[in-house]
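Take a look at the structure set out below.
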Amino acid sequence: MYQQRLGALAVVGAALLLAACSSDPAGSDPAAADSPGAPATSPTAAATAGDDTAEPAAASGDCPSVPQAGFELTSDDSVTAAPASGQVFGDGTPIAWTIADLPDDATVDIDLYWVNSAGDAISEGGMFLDDEGGGTWATSLSVFNSDADGAPGLAVLGVTSNAWADGSGHISGDHAILGVYCLTLKADE
């Protein structure tokens, strides 16, 4: 019995790792990132071309739009509390979401993106959130030192449940996107 549970935990962990490491939010069009489309909205408040000194728009709570599909700010009705728009993430301050009615085997993750001066969403990586109890999931992990420092960011919130492996080791599970949220990223110096 112990070995079966240990094996099931390893399968669930591997499925969650695969789901959280995806650099493409559900519903996005990978070709759209490389093709011309609608003009991007500048990610900085009062920014002018070539002005890298303007305050990131996300810091004021104004999140830029990006031309790629799948990054529209949304929040599922099951999310009852979320970080304030433009909240700083990466400086050690926890960010948290409260989600109602999750399955017992649920694991919650975020994929982070930063918005460059052209308005494009660039993958920064993903991470699992810690279960704080009461439906609250949080993290205070750092953002690695990168061009994301001070930039507006987008967190794609996802949940995985019902993970399993078939006889050939193929891992499956249910992964749903619960929302896209605006943050300001602070890189770890």
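Numerical summary
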quantity	calculated
Residue that is assigned to a strand (DSSP E or B), within 24 Å of Ala100 (Cβ to Cβ) and open to solvent by 10 Å² or more (accessible area, probe 1.4 Å), where the choices are Ser161, Ser172	Ser161
All positions within region 75-115 that are more than 19 Å from Gly126 (Cα to Cα) and free of Cβ contacts under 8 Å to residues at least 60 places away in the same chain	Asp77, Thr80, Ala81, Ala84, Ala100, Asp101, Leu102, Pro103, Asp104
Flag for Asp131 being part of a strand (DSSP E or B), open to solvent by 60 Å² or more (accessible area, probe 1.4 Å) and free of Cβ contacts under 8 Å to residues at least 60 places away in the same chain	yes
Test result for Ala106, among the hydrophobic types (A, V, I, L, M, F, W, C), modelled with pLDDT under 85 and crowded, with 16+ Cβ neighbours inside 10 Å	no
Ser123 vs. criteria surrounded by fewer than 21 Cβ atoms within 10 Å (Cβ to Cβ), of a type outside the set (A, V, I, L, M, F, W, C), at pLDDT below 95 and part of a loop (DSSP other than H, G, I, E, B)	no
So Ser146, is it in a loop (DSSP other than H, G, I, E, B), open to solvent by 30 Å² or more (accessible area, probe 1.4 Å) and touching a Gly at 6+ places or on another chain (Cβ under 9 Å)	no
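The values are calculated or read from the model by the stated rules, or taken from the named source; none is laboratory data. As the structure is a prediction and not an experimental result, all values here were calculated from the model. Reconstructed Cβ throughout: ideal geometry from the backbone, glycine too, with neighbour counts over all protein chains shown. For the accessible areas, the whole protein counts, side chains as well, though only heavy atoms, and no ligand, DNA or RNA atoms are used. Shrake-Rupley method; radii C 1.70, N 1.55, O 1.52, S 1.80 Å.
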